[in-house]
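The values are calculated or read from the model by the stated rules, or taken from the named source; none is laboratory data. This structure is a prediction, so every number in the text was calculated from the model and none was measured. Backbone-built Cβ (ideal geometry, glycine too); neighbour counts: all protein chains shown.
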Amino acid sequence: MQRNGIDGEGVANGSTFEARSNPVDAFDSHGVDLAEAARQLQQAAHDARVAFDCIGLEELDRAHTHAITARAAADAAENLLRVALGGDRNPAGR
């Protein structure tokens, strides 16, 4: 059974990301929840697909909304990954 791009074994389709049974294991040494970064990327991909489909259906307002939410989810994942790599938590450096 698949749900939200994750198969019954907790592995994202077509990737090597595996769901972890212990939530502590999902955090890196900088305290970043890597499972959340993966979830945000899945959400971004989903919203981008919905936006694409809405364009095909000429529902431009819905397409625009989903494009915005896809961008927000991708930005959230990028922020988490930047911190996991040892970068600044604030991209503006403030």
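Tabulated values for the structure
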quantity	calculated
Output for segment 36-68, where each listed residue is surrounded by 17 or more Cβ atoms within 10 Å (Cβ to Cβ) and either in contact (Cβ under 8 Å) with a residue 40 or more places away in the chain or within 11 Å of the chain's Cα centre (by Cα) (or both)	ALA37, ALA38, ARG39, GLN40, LEU41, GLN42, GLN43, ALA44, ASP47
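Conditions tested, residue by residue: (1) at negative phi; (2) in a strand (DSSP E or B); (3) at pLDDT below 65; (4) not β-branched (Val, Ile, Thr).
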residue	(1), (2), (3), (4)
THR16	yes, no, yes, no
GLY31	no, no, no, yes
ALA44	yes, no, no, yes
ARG49	yes, no, no, yes
THR65	yes, no, no, no
ALA77	yes, no, no, yes
GLY86	no, no, no, yes
